[in-house]
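Below is one structure, written out as structure tokens, with a few remarks after it.
The values are calculated or read from the model by the stated rules, or taken from the named source; none is laboratory data. Values in this document were obtained by computation on a predicted structure and should not be read as measured data. All Cβ positions, even for glycine, are placed from backbone atoms using ideal geometry, and neighbour counts span all protein chains on display.
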Amino acid sequence: MNKMILMAVSLCLAIAGTVSFAASPKKTEPVKPSKTILLYPKGQDADEGIIENGVRLTSGPLADNGLRGEETSPGYGDTYNVGNGACLDLYFPKKPNGQMVVVCPGGGYFMVSMWNEGSCVADWLVEKGITVCVVKYRLPQGNWDIPLHDVQNAFRYCRAHAKEWGISSMGIMGFSAGGHLAATASVYFTDKETRPDFSILLYPVISIEEGLTHQGTHDNLIGRKESYMDKGLTVLEFEENVKKYDELVKRYSLQYQVKEDTPKTFLALSENDNTVPPENSILYYEALRAKKVPAELHIYPSGGHGWGFRREPYGRDTLGEPYRSVFFTELLSFLESVRG
């Protein structure tokens, strides 16, 4: 760990007092979206995205993740079985400041945390005059291109309405596996429409390499390693599968994919995150610095994993004070620095 990173950790420790926690989690539903738009109104069987006034604004579903039936959400907004119901939840402030954030909730690519890392986030951002699009993206089920495709369609849709909504700057924010998705969108954009103007990654999964990754995120995105090495394969098939697996690991270990035009990035996490190793954020930060991409890294000494934007009245705040206030201050400062 380099000297700058140690200084960042020390600063957070120096600010520390006694961490206090809010009340136990509640099942209070956060603010509702102003508008919800289905990404694929005709479902995954049709090669059609969003069409408005006869104009195609987004592309079709690319692939089918195979999930059908009703979505389930047993508690706290965690949403499972996302397939045809993939959508954009839009939140509009009363006094927009020209900035927009596309939000990718986490959930290990197994579910989507639509409250803690979705609508609670929108609630805070809208208070600051920021327009928000929370993406309920399709779960990959081993179809690794699907979540990125959904997020790129979210950018296409929002860019098409940017003038109408008064948007001059549009970035991306992601949490945990949603942070992996946001970072993927930050290195694999295809044009100026799909390139985020800035990137905010909170306790993100960055690498899917063994020993660094969150295993569930790895398995749900590209499949279990063992699935590439079936004993019934011929030698040639085995070698081809191993090559394919290694290529996917490198492709989605995003510290290797940073380029000079990767957007300015804000990273924040807790030192005691036992779910996603802190090395994920550190490796990405160092890759950004190596490419001379402006970046900042904030490491808090407690909070664990998954603290998101949860706060009263929505439930227990695991980041707690004083770190919560420090985090909000640092994030707001970053957002002001990248406002178009």
- prompt: Which one of ILE282, ILE200, ILE222, ILE206 is more than 30 Å from SER169 (Cβ to Cβ) and of a type in the set (A, V, I, L, M, F, W, C)?
  reply: ILE222
Single residue of the range 248-289 satisfying the filter (out of contact with any helix residue (DSSP H, G or I) (no Cβ under 7 Å at 6 or more places or on another chain) and among the acidic types (Asp, Glu)) that is surrounded by the most Cβ atoms within 10 Å (Cβ to Cβ): ASP273
task: Just name the residue that is modelled with the highest pLDDT out of those in the range 225-247 that are under 25 Å from the mean Cα position of the chain (by Cα) and surrounded by 13 or more Cβ atoms within 10 Å (Cβ to Cβ).
output: TYR245
- prompt: If only one of LYS225, LYS243, LYS259 is among the charged types (D, E, K, R) and without any contact (Cβ under 8 Å) to a residue 12 or more places away in the chain, which one is it?
  reply: LYS243
- request: Could you please let me know if VAL102 is among the β-branched types (Val, Ile, Thr), touching a residue at least 24 places away in the same chain (Cβ under 8 Å) and within 21 Å of SER169 (Cβ to Cβ)?
  value: yes
message: Anything in the range 196-211 that is surrounded by fewer than 20 Cβ atoms within 10 Å (Cβ to Cβ) and in contact with a Ser or Thr (Cβ under 8 Å, 6 or more places away or on another chain)? List them, or say none.
response: ASP197, GLU209
- request: Considering only residues that are in a loop (DSSP other than H, G, I, E, B) and of a type in the set (Gly, Ala, Ser), look in the range 304-339 and name the one that is surrounded by the fewest Cβ atoms within 10 Å (Cβ to Cβ).
  value: GLY304
Verdict on LYS35 being surrounded by fewer than 17 Cβ atoms within 10 Å (Cβ to Cβ), more than 29 Å from PRO322 (Cα to Cα), among the charged types (D, E, K, R) and within 21 Å of the chain's Cα centre (by Cα): yes
message: If I ask for residues that are surrounded by fewer than 21 Cβ atoms within 10 Å (Cβ to Cβ) and touching a Lys or Arg at 6+ places or on another chain (Cβ under 9 Å), which ones from the range 91-122 would you list?
response: PHE92, PRO93, ASN97, GLY98
query: Are any of the residues in the range 140-148 hydrophobic (A, V, I, L, M, F, W, C), touching a strand residue (DSSP E or B) at 6+ places or on another chain (Cβ under 9 Å) and not in a strand (DSSP E or B)?
result: no
message: Restricting to the range 151-165, count the residues that are without any contact (Cβ under 8 Å) to a residue 24 or more places away in the chain and within 16 Å of ASP89 (Cα to Cα).
response: 1
- request: Pairs only if they're at least six apart or on different chains, beta carbon under 8 angstrom, first in the range 43-72 and free of Cβ contacts under 8 Å to residues at least 40 places away in the same chain, second surrounded by 15 or more Cβ atoms within 10 Å (Cβ to Cβ) and of a type in the set (Ser, Thr, Tyr); list them, first residue then second.
  value: ALA46/TYR40; GLU48/TYR40; GLY60/TYR40; GLU71/THR79; GLU71/TYR80; THR72/THR79; THR72/TYR80
task: Looking at (1) in contact with a Leu (Cβ under 8 Å, 6 or more places away or on another chain); (2) at pLDDT 95 or above; (3) not charged (D, E, K, R), find the lone condition where SER302 falls short.
output: (2)
message: Looking at THR72, THR79, can you tell me which residue is within 24 Å of ILE172 (Cα to Cα) and not acidic (Asp, Glu)?
response: THR79
field: Hits in the range 212-224 - residues which are buried (at least 21 other Cβ atoms within 10 Å of the Cβ) and within 27 Å of VAL101 (Cβ to Cβ)
entry: THR213, HIS214, THR217, HIS218, ASN220, LEU221
